[in-house]
Amino acid sequence: MTAQLIDGKAIAEVVRREVAAGVAAFKEKHGRVPGLHVILAGEDPASAVYVRNKEKAAKEVGMAGEVHRLPATVSREELLDRIRVLREDRSVDGILVQLPLPKGLPEDEILDAVPADKDVDGFHPLNAGLLASGRPGGMVPCTPFGSMRLIDEAAKSIPGFSLVGAHAVVVGRSNIVGKPMAQLLLARHATVTIAHSRTKDLAAICRQADVLVVAVGRADLVGKDHVKPGAIVIDVGMNRRDVDGKSKLCGDVDFAGASTVAGAITPVPGGVGPMTIAMLLANTLKAAERHG
Ligand code: GUN
């Protein structure tokens, strides 16, 4: 291995400590603590784990809040009602509806019901529009926000590295990661290419990348042949794979191969995952500070 390991767990810990200090200062000033409410509909096992981790992390930094667990059979009306109650409640600063929703529920309508000022996921069209227009002040989706912080941390240890004019390739075009990631990199003056699972000759495009962010959801999509020597590689993938009869978490990048070529690379687990939760806490504190 030649690449430097980007330790998302350690960097997330720094962010969480900063947020905890911010929560303490907020409490001192306003006599209350920020409130984060998470809605989990259905029994998707991966979502259940993510939500438990979010709940634990929020408690640890001193936030209030609740997880609203609803059955997979919840109706559109019941879900919208729950969001309506939370949007009126002044103790609620952040509302997050965990995705994916059970089949049959109108995702866009439900996400749009979360008001932009409590949208700690950054999915509301107003927040997405602010980001796409290069205007500061909106809520930024947690995974790309955290990935950007990892890029900045990795860049510090690469002499002469600058995002300005660098070629960033984002593989994946989702609203949650790929598109906002590309917008964030553009805002930092990178030259950005968005590729995806149907891109022709993906390896040739990826090999041009000074910064390569992979967010498709397919194990081993990107290997050694996709990586430019010295590149910063951010693996957003969260895939499960059977290894010796045990289910193991792995990313979209063949870590063993890519790390012989890259300059810096995130592991899975322990890379982007912990940052997503840390940035959710940062967004919730920001929302609370705006609410006062
Ligand atoms: N499911 C997978 N990632 C996310 C995320 O960042 N936010 C929400 N709400 N659901 C998700």
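The values are calculated or read from the model by the stated rules, or taken from the named source; none is laboratory data. All figures in this text were calculated on a predicted structure; none of them were measured in a lab. Here Cβ is always computed from backbone atoms with ideal geometry, including for glycine, and neighbour counts include all displayed protein chains. Just so you know, the surface numbers come from the protein's heavy atoms only, side chains and all, with ligands and any DNA or RNA stripped out. Shrake-Rupley method; radii C 1.70, N 1.55, O 1.52, S 1.80 Å.
Numerical summary
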{"item": "Coordinate range along principal axes, alpha carbons of the chain, Å, largest first", "result": "52, 41, 37"}
{"item": "Cα-Cα separations in region 1-132 greater than 25 Å, expressed as whole percent", "result": "34 percent"}
{"item": "Computed magnitude of the charge dipole of region 76-164 (debye, nearest 20; Cβ of K, R +1, Cβ of D, E -1)", "result": "300 debye"}
{"item": "Simple Cβ-charge dipole of the chain, Lys/Arg +1 and Asp/Glu -1, about Cα centre, in debye nearest 20", "result": "340 debye"}
{"item": "Cross-link reach list, lysines versus Lys200, counting only Cα pairs under 21 Å and skipping chain neighbours closer than eight places", "result": "Lys179, Lys224, Lys228"}
{"item": "Span from the region 5-45 Cα centroid across to the region 237-279 one, whole angstrom", "result": "23 Å"}
{"item": "Whole-number Å³ per residue for the convex hull built on Cα positions in region 44-192", "result": "136 Å³"}
{"item": "Computed E for Ala10/Asp81 - FRET, C-beta separation, R0 41 angstrom, nearest 0.05", "result": "0.50"}
{"item": "Set of lysines near Lys59 by C-alpha distance (under 24 Å), chain-local residues within fewer than 8 positions excluded", "result": "Lys9, Lys27, Lys29, Lys118, Lys286"}
{"item": "Cα extents of region 156-207 along the three principal axes, largest first (Å)", "result": "34, 24, 17"}
{"item": "Accessible area (Å², 1.4 Å probe, nearest 10) - Asp117", "result": "80 Å²"}
{"item": "Tensor-based shape of region 62-138 (alpha-carbon gyration tensor, a/c under 1.5 rounded, otherwise prolate or oblate)", "result": "oblate"}
{"item": "Per-selection Rg to Rh, region 140-292 - Cα, Kirkwood hydrodynamic radius", "result": "0.98"}
{"item": "Two-decimal ratio, region 108-164, of alpha-carbon radius of gyration to 2.2 N^0.38 Å", "result": "1.41"}
{"item": "Computed E for His196/Lys27 - FRET, C-beta separation, R0 41 angstrom, nearest 0.05", "result": "0.40"}
{"item": "Order by protection proxy (mean Cβ within 10 Å, highest first), peptides 190-197, 108-115, 234-241", "result": "234-241, 190-197, 108-115"}
{"item": "Reduced Cα scattering model of region 216-263, Debye log10 I(q)/I(0), q = 0.18, 0.22, 0.31, 0.32 Å⁻¹", "result": "-0.53, -0.72, -1.10, -1.13"}
{"item": "Column: log10 I(q)/I(0), Debye, Cα scatterers of region 202-292, q = 0.17, 0.19, 0.23 Å⁻¹", "result": "-0.72, -0.82, -1.05"}
